[in-house]
Amino acid sequence: MALQISRTIADAILQQSRDEYPDECCGVVLGPIGSDKAERLKPMVNAAHSPTFYEFDPKDLLALYREADDNDEELVVIYHSHTETEAHPSRTDIAYAGEPGAHYVLVSTREEIAPATEFRSFRIVDGVVTEEPVTFI
Amino acid sequence: MSIEVRIPTILRPYTKDQKSVEASGSTLATVITDLDSQYAGLGERLLENGALRRFINIYINDEDVRFLGGLDAQVKDGDSITILPAVAGG
């Protein structure tokens, strides 16, 4: 298991995390169903507007799944930023992880590594977190 | 009464991997009771202490059930219910 993602998309996610600091940023990268290709970046609004929590607005969430369905796409990557801690899933991230097939990408804007460069990917299935290598293509 | 219920990936182990199932009922509560009788354990993934779980979103057609009366939301033949886990975390 590994994530392959373009440097352009990864940089855009890191830029979004800086732009939305001190709130957490979030979004998805869509790709054709079954392809495991992270192709289409779709930043989402963090409805929680919080430095310690993120949540897609329920209306945006439904629209996102409808759009993915219409395009024969799925959520290949679900990403969000941590503002002051490392780019590793938190207890709440694990508790609410609802897409066992997705790559959960975490980035961090914590000061020690500013400007944000930390970009890591995980699988979260049944409460078990497995980090996976990321290849930038 | 037949209502289509779209099941998210994470709950498909309960529905033998079916993406969409049929249920009946006149309110969301009775639909969930019917779903649980067909697919044991599914109800508990939607409800907690008799209330809708905070991090599960349920829509009747395109409307969030929180704005339709929650478990008392009315459903009718031909309606489509979509269940989606919240995308959220800390």
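Read-outs: derived from the displayed coordinates by stated rules, not from any lab. What you are looking at is a predicted structure, and each value in this text was computed from that prediction instead of being measured. Glycine gets a Cβ as well: all are built from the backbone with ideal geometry, and neighbour counts include every protein chain shown.
For the range A:60-88, a residue qualifies if it is touching a residue at least 24 places away in the same chain (Cβ under 8 Å), of a type in the set (G, A, S) and within 12 Å of chain B (Cβ to nearest Cβ), and the qualifying residues are A:A68, A:S81.
Farther than 24 Å from A:N46 by Cα and within 14 Å of chain A (Cβ to nearest Cβ): is that true of B:Y59 in this structure? So B:Y59 does not fit the description; no. Screening the range A:21-50 for residues that are surrounded by fewer than 17 Cβ atoms within 10 Å (Cβ to Cβ), within 12 Å of another protein chain (Cβ to nearest Cβ) and not charged (D, E, K, R) and picking the one that is nearest to A:L3 (Cα to Cα) gives A:I33. Selection of the range B:37-70 for residues being farther than 19 Å from B:V87 by Cβ and in contact with a helix residue (DSSP H, G or I) (Cβ under 6 Å, 6 or more places away or on another chain) yields B:Y39, B:G41, B:L42, B:G43.
Among the residues making up the range B:6-37, a single one is within 22 Å of A:Y96 (Cβ to Cβ), of a type in the set (A, V, I, L, M) and in contact with a Ser or Thr (Cβ under 7 Å, 6 or more places away or on another chain): B:I7. Would you confirm whether any residue within the range A:89-101 is more than 9 Å from every other protein chain (Cβ to nearest Cβ) and out of contact with any helix residue (DSSP H, G or I) (no Cβ under 7 Å at 6 or more places or on another chain)? Among the residues of the range A:89-101, not one is more than 9 Å from every other protein chain (Cβ to nearest Cβ) and out of contact with any helix residue (DSSP H, G or I) (no Cβ under 7 Å at 6 or more places or on another chain), which makes the answer no. Determine if the range B:49-69 includes at least one residue that is in contact with a Phe, Trp or Tyr (Cβ under 6 Å, 6 or more places away or on another chain) and in contact (Cβ under 8 Å) with a residue 24 or more places away in the chain. There is at least one residue in the range B:49-69 that is in contact with a Phe, Trp or Tyr (Cβ under 6 Å, 6 or more places away or on another chain) and in contact (Cβ under 8 Å) with a residue 24 or more places away in the chain. Picking from residues in the range A:25-53 that are of a type outside the set (A, V, I, L, M, F, W, C) and within 11 Å of the chain's Cα centre (by Cα), the one that is nearest to A:G101 (Cα to Cα) is A:G27. When the range A:35-68 is filtered for residues that are on the phi > 0 side of the Ramachandran plot and touching a strand residue (DSSP E or B) at 6+ places or on another chain (Cβ under 8 Å), only A:D36 remains.
Taken over the range B:1-17, the criterion of being loosely packed, with under 13 Cβ neighbours inside 10 Å and either more than 14 Å from every other protein chain (Cβ to nearest Cβ) or in contact with a Lys or Arg (Cβ under 7 Å, 6 or more places away or on another chain) (or both) is satisfied by B:S2, B:K16.
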